[in-house]
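Heads up, the thing below is written out as structure tokens.
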Amino acid sequence: MKKYLFTLIIILLFACEQPATEKALQYSRSPSNHTALTYRFAIHPLHNPQKLFEAYQPLIDYINLKIPEIDIELEASIDYASYEQKIRDRKPDLLLPNPWQTLQARDNGYRVIAMAGDADDFKGIFIVRKDNNIQKPIELKGKRVSYPAQTALAATIMPQYFLYTNGIDINQDLDNIYVGSQESSIMNAYLGKVAAAATWPLPWRLFQKDHPEKANQLKVIWQTPSLINNSVMVRDDFPKEISQKIQHLLITLADSPEGKAIMLGMETARFTQAEDADYDVVRSYINNFESKVRPVESSIND
């Protein structure tokens, strides 16, 4: 008996020590409809997985309710790199990527059906502590700046281009750190670990809502010009009839009190109809950025 117990304890200890492996994070408030076709909707790392669930699961539930023949599952990713790998592997059926990732997804057989939010809202902002005396971008020389990820368009690429246009060589003049998420970038400013944190308006609004005391010690000091907002995409083998139904639900979401409540939770003003060609402006922007600031393509695998 003692030998049996000893063996069982060893097995349990061995099992507990196995390293965790990354797996797709999927959420649902209600049991899956096993008679429906199941599809995966992957949203880029706007927030940590729990916050992503809180913000976007109501939208998923709404779509599943309105289109009972399908069962969409929300999928989160641990960081930008893992999300972009899923795009290259063509694993998700539907995507909500940033505009840069939209170009990557187009190259991998996805197409745009809508834009999420207002184009004017897609811009970079710089967050600093209120007790920070920096006033001009040039004063960041020799200091540390945080960003969520190298391929975050509004929160990294656009702020870095802004700094370039204000006399900063981001490759030589700054200590750039890529911290994995929007909230982490903001928190680095709050904790005083960086002179400035780059992000964009949506996560900053949510941070103010979720952490009002911390946000009260911070301020937006600069912002970039706007570009075009995140897209909603479907894979090229996704049923056209269902994609049209989803597109209609998204662009009419603001027409009902229920839909307005869902958008409020996502901090998204509206969905509008869009197509692949609308994102060509991003390619021009990236080409200009790469010629003057740094490569973006190679940073995907960094």
Can you list the residues, at least 5 places off or on another chain, whose amide H is less than 5 Å from the amide H of residue 38, using H built in the peptide plane? 71
Of the chain, which part is the longest with no trypsin sites (Lys or Arg not before Pro) in a loop (DSSP not H, G, I, E, B) and with at most 11 other C-beta atoms within 10 angstrom? 131-302
Sulfur and carbon atoms: percent of accessible area, the range 217-275 [1.4 Å]: 50 percent
To the nearest 20 debye, what charge dipole does the chain have about its Cα centre, counting +1 at the Cβ of each Lys and Arg and -1 at the Cβ of each Asp and Glu? 780 debye
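Using only the Cα atoms of the range 67-212, what semi-axes does the equivalent ellipsoid have when each is the square root of 5 times a gyration tensor eigenvalue? Give whole Å, largest first. Show your work: numbers first, answer last.
On the way: eigenvalues 193, 59, 36 Å².
In descending order the semi-axes read 31, 17, 13 Å.
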With springs only between Cα atoms under 10 Å, which of 224, 252, 272 fluctuates most in a Gaussian network model of the chain? 252
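Which number comes out as Rg/Rh for the range 119-169 once both Rg and the Kirkwood Rh are worked out on C-alpha atoms?
Working: Rg = 11.4 Å, Rh = 11.9 Å.
Here Rg/Rh amounts to 0.96.
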For the chain, what is the percent of antiparallel DSSP beta bridges, rounded to the nearest 5? 60 percent
Note, ³J(HN,Hα) from phi for the range 85-97, Karplus 6.51, -1.76, 1.60, rounded to Hz, x at Gly and Pro: 5, 4, 5, 5, 7, 6, 7, x, 7, 10, 9, 10, x
Can you compute the modelled spin-label distance between residue 210 and residue 191, with each label point 7 Å from Cα toward Cβ, in nm? 1.5 nm
Filter the cross-link list 130/292; 136/292; 136/193; 209/292; 143/214 down to pairs whose alpha-carbon distance in this structure exceeds 25 Å. 130/292; 209/292
Measuring with a 1.4 Å probe in the full set of protein chains, what accessible area per residue, in whole Å², belongs to the chain? 48 Å²
Semi-axes (Å, rounded, descending) of the ellipsoid equivalent to the chain per its C-alpha gyration tensor are 33, 28, 20
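Classify the range 85-131 from the C-alpha gyration tensor, please: rounded if a/c falls under 1.5, else prolate or oblate depending on whether a/b exceeds b/c.
Numbers: a/c = 3.40, a/b = 2.07, b/c = 1.64.
Prolate, since a/c reaches 1.5 and a/b exceeds b/c.
The values are calculated or read from the model by the stated rules, or taken from the named source; none is laboratory data. Here the structure is a predicted model, which means the values were calculated and not measured. Positions of Cβ are backbone-derived with ideal geometry, glycine not excepted, and every protein chain shown enters the neighbour counts. For accessibility, only protein heavy atoms count, side chains too; no ligands or nucleic acids. Shrake-Rupley method; radii C 1.70, N 1.55, O 1.52, S 1.80 Å.
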